[in-house]
Amino acid sequence: MALYLVQHGKSLPKDVDPDQGLSHEGVAETERIAKVAKDCGVNVKSIKHSGKTRARRTAEIFSLALNAGADIQEVSGIKPLDDVAAFTETINAEDDVMLVGHLPFMERMTSFLITGAIEKPVFKFQNSGIVCLDKDPDIQSWVIKWTLMPYIG
């Protein structure tokens, strides 16, 4: 069972698109990462996203690639500055859920689950990238199982 955290794909500037939908590059990178994830056997039961256009579109691309279209939904509590600790109360390690959101929330969520504090960064996200976390049954702590990012280096 796993928790997949995804930062939305690259978006258009606000002066070009007030809703800041995905750019062509953002769509292409998200499609590429989603295909690699599918080819590696990633299986999610549901995909949840913030209400922002760029997160919704990123979630849709992952849903199509991972065949998770039946359970994609907008959720509250994962906007950029939302309370990470409050949201973690809703996470079930058994759910195989993908959360698609924003910085700094995704980085803070990862830090909080791993260290118990949002101030101790443990991973630097990239647009369209996935961080897979799992709860170790022996120690009942979250660990980073793997990551998949658009760029290495």
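The values are calculated or read from the model by the stated rules, or taken from the named source; none is laboratory data. Keep in mind that this is a model prediction, so the values were computed, not measured. For neighbour counting, all protein chains shown are included, and Cβ atoms are generated from backbone atoms with ideal geometry for every residue, glycine included.
Tell me, please, whether a residue that is more than 17 Å from K135 (Cα to Cα), modelled with pLDDT of 95 or more, in a loop (DSSP other than H, G, I, E, B) and over 15 Å from the mean Cα position of the chain (by Cα) can be found in segment 87-110.
No; the residues of segment 87-110 include none that is more than 17 Å from K135 (Cα to Cα), modelled with pLDDT of 95 or more, in a loop (DSSP other than H, G, I, E, B) and over 15 Å from the mean Cα position of the chain (by Cα).
Being assigned to a strand (DSSP E or B) and either at positive phi or buried (at least 16 other Cβ atoms within 10 Å of the Cβ) (or both) is the filter here; which residues of segment 32-85 pass it?
Answer for segment 32-85, where residues must be assigned to a strand (DSSP E or B) and either at positive phi or buried (at least 16 other Cβ atoms within 10 Å of the Cβ) (or both): S46, I47, K48, H49, I72.
Can you pull out the residues in segment 131-147 that are out of contact with any Cys (no Cβ under 8 Å at 6 or more places or on another chain) and touching a residue at least 60 places away in the same chain (Cβ under 8 Å)?
Result: V131, C132, L133, D134, K135, W142.
Sort through E119, E107 and tell me the only one that's at negative phi, surrounded by fewer than 15 Cβ atoms within 10 Å (Cβ to Cβ) and of a type in the set (D, E, K, R).
None of the other options fit; the residue is E119.
Within segment 121-153, how many residues are closer than 26 Å to K52 by Cβ, part of a loop (DSSP other than H, G, I, E, B) and either more than 16 Å from the chain's Cα centre (by Cα) or not polar (S, T, N, Q) (or both)?
Residues meeting the conditions: 9.
I'm trying to understand the selection: among the residues of segment 30-55, which are charged (D, E, K, R) and free of Cβ contacts under 8 Å to residues at least 24 places away in the same chain?
D39
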